[in-house]
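K.L.:
One structure is given below, represented as structure tokens, and several questions about it will come after.
The values are calculated or read from the model by the stated rules, or taken from the named source; none is laboratory data. In this text, all values refer to a predicted model and were calculated from it rather than measured experimentally. Here the Cβ positions follow ideal geometry from the backbone for every residue, glycine too, while neighbour counts run over all protein chains shown. Ligands, DNA and RNA are stripped out before the accessible areas are found, and what is left, the full protein with its side chains, is counted by its heavy atoms. Shrake-Rupley method; radii C 1.70, N 1.55, O 1.52, S 1.80 Å.
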Amino acid sequence: MLSITVPAQSGNKVEKAEYFLTPEKMPDATKYLPRVPSVSDPIFVNDSSVYVEGKKLRSTARGLLAVADTSITVRYIMQRFGAAMNCDLTPENYPLLCNLIFRTFATARQSITKAKDVYHRQRPYQYFNEPTPVPHQEEPNDWTSYPSGHTLRYWTTALLLASI
């Protein structure tokens, strides 16, 4: 089984995650995801409109939750799903599940890495040249907004928990 080093759930600690599948056995997202739309494409125009409208929510409770949801730690994601499941879903209470989620993230991430490199999509704050509510996550050269790693983590967790 292959291993990778990935950022851990807290602090500067680094944890190893073992893949369930090798990178060669994972699906290639460039085969099933559409290409990034050009700036003249109606899809890009719609995406931009949604981004602009979403900025109006930043100072609301929903906007603050969206900022909190930028966290991609296993601990935070478990707590968010635990609230929906009405249980105290933490790494301490469910260490085996925590490990399973972490390994699943590492494995699933392999399916989008190539697409991120190929599509090289600029992030909205970069395109509009403006700050975000999470300035510590802003990187001028990070053109990897598509496919979304955040969506992958949350969707993977939802599917995993539903399967269990």
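K.L.:
Which pairs have Cβ atoms under 7 Å, sit 6 or more apart or on different chains, and link a residue in the range 28-49 that is farther than 20 Å from ILE112 by Cα to one that is outside any helix (DSSP H, G or I)?
P.N.:
ILE43/PRO37; PHE44/PRO37; PHE44/SER38
K.L.:
So for the range 73-88 (the condition being outside any helix (DSSP H, G or I) and under 19 Å from the mean Cα position of the chain (by Cα)), does at least one residue qualify?
P.N.:
Yes, because at least one residue in the range 73-88 is outside any helix (DSSP H, G or I) and under 19 Å from the mean Cα position of the chain (by Cα).
K.L.:
While we're on this one: Any chance you could count how many residues in the range 89-122 are aromatic (Phe, Trp, Tyr) and outside any helix (DSSP H, G or I)?
P.N.:
Of the residues in that region, 1 qualify.
K.L.:
Specify the residue that is least open to solvent (accessible area, probe 1.4 Å); the eligible residues are those in the range 45-59 that are of a type outside the set (Gly, Ala, Ser) and in a helix (DSSP H, G or I).
P.N.:
Here the residue is TYR51.
K.L.:
Another question, if that's okay. Just give me the residues in the range 77-110 being free of Cβ contacts under 8 Å to residues at least 40 places away in the same chain and either among the aromatic types (Phe, Trp, Tyr) or surrounded by fewer than 13 Cβ atoms within 10 Å (Cβ to Cβ) (or both), in sequence order.
P.N.:
Selection gives ALA83, ALA84, ASN86, CYS87, ASP88, GLU92, ASN93, TYR94, PRO95, LEU96.
K.L.:
If you take the residues of the range 11-70 that are of a type in the set (Lys, Arg) and within 25 Å of THR104 (Cβ to Cβ), which of them is modelled with the highest pLDDT?
P.N.:
Filtering first and then ranking leaves LYS31.
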